[in-house]
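Note sheet for the following structure.
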Amino acid sequence: MSRIGKLPISIPAGVTVNYDEKNSVVSVKGPKGELSQDIDPSIKLVMNDGQVTLEIDENSSVDYKQKQAFHGLYRSLVNNMVVGVSEGYTKLLELVGVGYRVSNTGNLLELSLGYTHPIYLELPKEVIVETKSERNQNPLIKLESADKQLLGLICAKIRSFRKPEPYKGKGILFKGEVIRRKSGKTAAAK
């Protein structure tokens, strides 16, 4: 049995979890929004007095190792949904580089990253974006969402425009991320 999969998920006040056994779909609704997730039929969801546990269906045709993997995976996904609709997730991205700027108009993000043209990115309505540019500070992008998977996908897309590089440390970084720096050619020639 999966060590992560057997942990119970406590449901906070104001959050409702519904499980459709026929279609194997879990839907979670809370103050920050509503999320749903398909679950493999080899995993069953059991709800009792404010807690949700996931159990392996021994009668399914999926091999045991795959059932164990599904057990931990779907427990983590359901837990992320419960935390997302109750508290939400936040990511901070920092633009490190001379002349790098960012601004937003609603959910349209405009990035100036040293290319000949600005980059425009339309974000989905589930993601709330806020940009901050202060004097003598690196520009920041604050992203908030109830969906952890979507938030990670958006962060990866934004980072792909200017990946952090190890020589000067420029690029789009997560706030607090440390880039392992390399010495250039001059240090190697000595």
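The values are calculated or read from the model by the stated rules, or taken from the named source; none is laboratory data. Note that the structure is predicted; figures quoted are calculated from it, not measured. For neighbour counting, all protein chains shown are included, and Cβ atoms are generated from backbone atoms with ideal geometry for every residue, glycine included. When the accessible area is computed, the model is the full protein with side chains, heavy atoms only, and any ligands, DNA or RNA have been set aside. Shrake-Rupley method; radii C 1.70, N 1.55, O 1.52, S 1.80 Å.
Here are the numbers for this structure:
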| quantity | calculated |
| --- | --- |
| Conditions (1) among the small types (G, A, S); (2) surrounded by 12 or more Cβ atoms within 10 Å (Cβ to Cβ); (3) in contact (Cβ under 8 Å) with a residue 12 or more places away in the chain: number failed by S10 | (2) |
| Meets criteria (farther than 18 Å from L151 by Cβ, among the polar types (S, T, N, Q), without any contact (Cβ under 8 Å) to a residue 40 or more places away in the chain and open to solvent by less than 40 Å² (accessible area, probe 1.4 Å)) for S61 | no |
| Residue match in the stretch 168-179 (condition: open to solvent by less than 40 Å² (accessible area, probe 1.4 Å) and either in contact with a Ser or Thr (Cβ under 9 Å, 6 or more places away or on another chain) or closer than 30 Å to Y74 by Cβ (or both)) | yes |
| Test result for S76, surrounded by 13 or more Cβ atoms within 10 Å (Cβ to Cβ), among the small types (G, A, S) and part of a strand (DSSP E or B) | no |
| Residue that is farthest from V83 (Cα to Cα), among those in the stretch 120-137 that are open to solvent by 20 Å² or more (accessible area, probe 1.4 Å) and in contact with a Lys or Arg (Cβ under 9 Å, 6 or more places away or on another chain) | S133 |
| Selection within the stretch 13-49 - surrounded by 12 or more Cβ atoms within 10 Å (Cβ to Cβ), in contact with a strand residue (DSSP E or B) (Cβ under 8 Å, 6 or more places away or on another chain) and more than 20 Å from A146 (Cα to Cα) | D20, S24, S42, I43, K44, L45, M47 |
| Enumerated strands (runs of 3 or more DSSP E) restricted to the stretch 125-190, each holding at least 1 residues that are free of Cβ contacts under 8 Å to residues at least 12 places away in the same chain | 128-132 |
